[in-house]
1. Roughly how many whole Å is it from the C-alpha centroid of the stretch A:156-233 to that of the stretch A:340-374?
2. With N residues in the stretch B:199-312, what two-decimal value do you get for its Cα radius of gyration over 2.2 N^0.38 Å?
3. Using the crude model of +1 on Lys and Arg Cβ and -1 on Asp and Glu Cβ, and no other charge, please compute the dipole size for the stretch B:162-301 relative to its Cα centre, in debye to 20.
4. Taking +1 at the Cβ of each Lys and Arg and -1 at the Cβ of each Asp and Glu, which of B:Val365, A:Leu212, A:Thr160 sits farthest along the dipole of the protein assembly as shown towards its positive end, judged by Cα position relative to the Cα centre?
5. Rounded to two decimals, what is the ratio between the C-alpha radius of gyration of the stretch B:1-121 and 2.2 N^0.38 Å?
6. Ranked highest first by the average count of other Cβ atoms within 10 Å around their residues, in what order do B:7-16, A:199-208, B:41-50 fall?
7. Taking R0 as 25 Å, what FRET efficiency do you get between B:Ala276 and B:Gln80 from their Cβ-Cβ distance, rounded to the nearest 0.05?
8. Post the alpha-carbon centroid distance, the stretch B:111-151 to the stretch A:48-103, in whole angstrom.
Number of protein chains: 2
Amino acid sequence: MQIKEILTLTPAEQEVTVKGWVRTKRGQAAVTFIAINDGSTINNIQAVVDSDNNQINEETLRSITTGACVAVTGKLIASQGSGQAVEVKAEKIEVYGTADETFPMQPKRHSMEFLREKAHLRFRTNTFGAIFRIRHNLAFAINKYFNDKGFFYLHTPIITASDAEGAGEMFHVTTFDIKNPPKTETGEIDYKEDFFGRETSLTVSGQLEGELGALALSKIYTFGPTFRAENSNTTRHLAEFWMIEPEVAFYELEDNMALAEDFVQYVIKYALENCADDLAFLEKRLLDEEKNKPQNERSEMALLEKLRFVVDNQFERLTYTEAIEILLKSKPHKEKKFQYPVEWGIDLQSEHERYLVEKHFKKPVILTNYPREIKAFYMKQDADGKTVRAMDVLFPGIGEIIGGSQREDDYEKLLTRVKEVGIDPENIWWYLETRKFGSAPHSGFGLGFERLVLFVTGMTNIRDVIPFPRTPKSAEF
Amino acid sequence: MQIKEILTLTPAEQEVTVKGWVRTKRGQAAVTFIAINDGSTINNIQAVVDSDNNQINEETLRSITTGACVAVTGKLIASQGSGQAVEVKAEKIEVYGTADETFPMQPKRHSMEFLREKAHLRFRTNTFGAIFRIRHNLAFAINKYFNDKGFFYLHTPIITASDAEGAGEMFHVTTFDIKNPPKTETGEIDYKEDFFGRETSLTVSGQLEGELGALALSKIYTFGPTFRAENSNTTRHLAEFWMIEPEVAFYELEDNMALAEDFVQYVIKYALENCADDLAFLEKRLLDEEKNKPQNERSEMALLEKLRFVVDNQFERLTYTEAIEILLKSKPHKEKKFQYPVEWGIDLQSEHERYLVEKHFKKPVILTNYPREIKAFYMKQDADGKTVRAMDVLFPGIGEIIGGSQREDDYEKLLTRVKEVGIDPENIWWYLETRKFGSAPHSGFGLGFERLVLFVTGMTNIRDVIPFPRTPKSAEF
């Protein structure tokens, strides 16, 4: 039985065995208290060892230090102390594995940088236990939401010969001996000799292949790893991250917005209902951390308040053009407080998005109909020839969390745009063909999973919400 | 409303709109029948167009051919024909996208090779619709099983600097210009200059990182893509495939076997209950296909019988050594019918595994305690010094479907073995450290997802159960 379950039992001196890792040991003359955690919950269970217990010798007790792994058998009794409702009166202890004083996760404050270097052990801290339990629950909520709504999970390829975004920054995948790759007579790399017989990379998005599925199965979603070889050493970028990309036939932009709102509210509500202990811990952690910061650097809302803000408010919908008008009339614009100047045609910055969400509307916002020049080639063109049927969902504190669009379903318009942005139509012949054979209106969006986990956990560095982050010059573990 | 749902309604002349792709159109003088499918189910809905309908002109009707995408609005009535219970009396038809006679998925028999070349459109056939709906349901059942049992889904890294199996066959990942990579003074490739500052590859397994999670959160599972750069052009190998790898702290080999049996029975039962129509279709397809084969090449069991064989039988457990004894006494061994000779120490071949399952025990089999020389370095060594606490789950028709073990949790034994097999301990220092700090008995196993989908769908080529297969010289789409 795991600790999560044992903690819910009514104490009646029944025998239980607790298996887990020692968080702390406090000794007194007559009695020793051992706090044990098994990762099933953020809460420890306390084992109490009386010094007159003959089954547990002093040597065993000495070997039980922070980080050791133990199995404690004893009676479950009502707790005498103030912490949990129950504790274990230890009768027998088996030590599976000791941990000497070099164990890095000692019970004291560690810097996040230090914990990242010890990513193999940081799961054993309260903070990272909480984060990865929440991450699991969000992933499960995503799969459950789509399954319940009749979507099919589609595994789109990781290794690809196409570039969905039409722009570089991809990792090469090869089996060549890089020191000595085969070359053609003209001295070029002879990719015909490579494993796949052509140049291949790691995918940046499963969307194009997802559309192929949607134009047959109607409702699909992807949930898989994607990659960017961007040399960005920031708190917001990973070279390897997980994306969720639903794609739905017969959905127009309005349906797409309704899906995005319902979906993201569902998964956050799921976390609120299923991760209450972990969220309460992270909220307190964040408040403690911000105590030392000046007022203007603290979060506007506490963690749970921010999550309820998203779940309880209907998202405001407006066009990009309307948003620009609001920004042009805004105080920070007039007082030149925005770092990036506002005018129609710009790619909105986080400061603009947050102004709209946090100051102007005080609710999550969906912006639509962006200028086509700043959006991808596959978005459906509006009749005005200037905008496309794009949508971005904007959240407090973070700005854009979801980006999507209705897709261009007119073969000729799509082909023209593909050529305009410099993609070789031959390279995506299969994508273009779906507009030739039974084309249909369809829409979809993408959500970066780590962005969502970052938002829900209130963490500030994206490297702390994925088990083993991949960033420039870092691929440890 | 999707067709799956409409087909369950009681017909009462209520207005419905059906959106989907035309499978067939049959015309008569007075009436036209259009079979429409939207991928939500294998079943089509029939739209009936009376020739005296003024809303639907002849031109529209002419443009509706196999592959076209349409929205048909009309009254839902009891079906006159023999197929479904209901049909739509069309009042209005909107054609979203036509499909001319070059549409490749015409209603006739296509070879599997042809459909693989048209993987962007094969979703629109009955067979591939069924396969990918079943694939979705299996994936969901896996996530649901583990979630319900308190496991946490762990995303282990795709790009890695370590090699879990200790043996080559990996894809390189690099941002170097392969034509001109930076070199050190001694002429070696200067991987310090590469994106991650070291040589990196695509993962072959998430197990080692999974163990790190289990030794903190107790119960985890991975479900993600893995890669093998093996130049194997067979019906059983993919260069990119999805793996499920649960890992559990405090589980010994016996617990691991119980988990594997319960898990695989659960997911197959889930498919039987949730994919009845699709499985019935695939069973019939297989029977039709095998009609043309000689008796000895046909399957021993029909598809549903084979699935129930796994769900209804308790798995037989025995050691590798016991299995070798049975094989040595077997008729095919004595009559020299096995292609590969049997003796203690061999890696069992599919023919041996299938003999045990299909002929000897007539139930699924779990073999344990294999010779350590044929198994991976991380498996826990038995006291005899000859075998390890490995387990393979063997299925009818396919042989090994799951491979796993209890893991070596003794630091010194593990370190010795790591060195013996030629892995640099420095390269997996983090893995070794978990045996130094709070080591615990733990176990896990791996299931190749496509192997499972192959088994459940009864397909014979693994390229047909993943949307876009990656194999030597092939990375299209």
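Rule-based calculations on the coordinates, nothing more; no lab input. All figures in this text were calculated on a predicted structure; none of them were measured in a lab. FYI the Cβ positions are ideal-geometry reconstructions off the backbone, even for glycines, and counts take in every protein chain you see.
1. Cα centres, the stretch A:156-233 to the stretch A:340-374: 32 Å.
2. Values: Rg = 18.7 Å, N = 114, 2.2 N^0.38 = 13.3 Å.
Dividing the Cα Rg of the stretch B:199-312 by 2.2 N^0.38 Å gives 1.40.
3. Dipole of the stretch B:162-301, to the nearest 20 debye: 460 debye.
4. It is B:Val365.
5. 1.06
6. A:199-208, B:41-50, B:7-16
7. 0.45
8. 48
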